[in-house]
1. Here are Ala167, Ala134, Ala139: which of them is out of contact with any strand residue (DSSP E or B) (no Cβ under 8 Å at 6 or more places or on another chain) and open to solvent by 70 Å² or more (accessible area, probe 1.4 Å)?
2. Would you pick out the residues in the stretch 12-53 that are over 20 Å from Leu126 (Cα atoms), more than 25 Å from the chain's Cα centre (by Cα) and among the aliphatic types (A, V, I, L, M)?
3. Give Pro70, Pro6 a once-over and let me know the one that is in contact (Cβ under 8 Å) with a residue 24 or more places away in the chain, part of a loop (DSSP other than H, G, I, E, B) and more than 12 Å from the ligand (Cβ to nearest atom).
4. Any idea which of (1) touching a Gly at 6+ places or on another chain (Cβ under 8 Å); (2) at pLDDT 90 or above is the one Ile61 doesn't satisfy?
5. Which of the residues spanning the stretch 14-31 are more than 16 Å from the ligand (Cβ to nearest atom) and open to solvent by less than 50 Å² (accessible area, probe 1.4 Å)?
6. Between a residue in the stretch 182-206 that is in a helix (DSSP H, G or I) and any residue that is open to solvent by 30 Å² or more (accessible area, probe 1.4 Å) and aromatic (Phe, Trp, Tyr), which pairs come within a Cβ distance under 9 Å, given they are 6 or more apart or on different chains?
7. Could you figure out which of (1) within 24 Å of Asp18 (Cβ to Cβ); (2) within 14 Å of the chain's Cα centre (by Cα) isn't true of Ile156?
8. Need pairs with beta-carbon distance below 8 Å; first residue in a loop (DSSP other than H, G, I, E, B) and within the stretch 31-53, second open to solvent by 40 Å² or more (accessible area, probe 1.4 Å) and within 16 Å of the ligand (Cβ to nearest atom); sequence gap 6+ or separate chains.
Amino acid sequence: MPQTLPPLDDLVACHQCDTLHVAQDLPENARAYCQRCGTILMTSQPAAMARILSLALTAFIMMIAAVSFPFLTLDAQGLHNATSVLDAVLAFNKGFAIPLAVAVAFFIVVIPLIRLGALIYALGPLVREQRPRAGAKRAFGLAERLRPWSMAEIFIVGVTVALVKVAGLAAVTVGPAFWAFAGVVIITVLKDQMICRYSIWEALEQ
Ligand SMILES: [Zn+2]
């Protein structure tokens with residue numbers, strides 16, 4: 001006898017391994033894990049949404065700081081050079097490298113900011129238990145779709161590797177923007193781990 005599938009709305013796919021699970025109402029402060037790989041599928045913590053919103057706001061403000069403060073200073077043989085993230089992007093401003101500058105700016109600054117902005121826009125009213133804003137679903141969907149394109153963490157790993165290499169040649173001082181950028185990366189990872197996509201979609205559907 002063919003098995004009947006539950007309605008599509010009741011299915012949750014694990015975002016790591018795509019295993020399908022049937023969603024259930026969780027008791028408060030409970031978590032549901034993927035049966036196959038153990039990733040958190042659903043959480044039912046009423047405070048979680050507010051926590052995610054505050055993390056997103058913090059990351060947004062830190063990102064602005066990361067772009068505006070000095071990122072690195074280099075001292076070598078009497079030469080002093082201070083660089084901001086914008087300088088790093090604008091380093092590729094000649095001829096064929098211009099598309100590279102645009103891509104770098106998008107991947108490390110613009111897309112992370114769009115993701116955070118969209119999340120803040122979509123979650124703001126939900127935390128205050130108001131009706132979702134117009135286009136909130138589309139904004140949250142955009143934040144989710146852009147996730148693989150947000151590469152701030154790759155930038156920070158690249159910078160760290162470069163710093164280790166340069167450290168022998170010049171005195172390197174990391175500026176406030178470096179720490180702000182590292183903060184953005186850590187907060188974004190935390191936020192993406194904590195987020196319960198299922199309950200956010202549920203709340204946005206209402
Ligand atoms: Zn899984």
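The values are calculated or read from the model by the stated rules, or taken from the named source; none is laboratory data. Since this is a predicted model, take the numbers as computed values, not measurements. All Cβ positions, glycine included, derive from the backbone under ideal geometry; neighbour counts span all protein chains shown. Side chains are part of the model used for accessible areas, which takes the heavy atoms of the whole protein and leaves out ligands, DNA and RNA. Shrake-Rupley method; radii C 1.70, N 1.55, O 1.52, S 1.80 Å.
1. Details: Ala167 fails: open to solvent by 70 Å² or more (accessible area, probe 1.4 Å); Ala139 fails: open to solvent by 70 Å² or more (accessible area, probe 1.4 Å).
Unique residue meeting the criteria: Ala134.
2. Val22, Ala23, listed by residue number.
3. Details: Pro6 fails: in contact (Cβ under 8 Å) with a residue 24 or more places away in the chain.
From the options Pro70, Pro6, the qualifying one is Pro70.
4. Just one mismatch for Ile61, condition (1).
5. Ala30
6. Pairs that qualify, where the first residue is in a helix (DSSP H, G or I) and the partner is open to solvent by 30 Å² or more (accessible area, probe 1.4 Å) and aromatic (Phe, Trp, Tyr), are Val184/Phe60; Val185/Phe155.
7. Status for Ile156: all satisfied but (1).
8. Cys34/Gln16; Cys34/Ile40; Cys37/Gln16; Thr39/His15; Thr39/Gln16; Thr39/Tyr33; Ser44/Arg31
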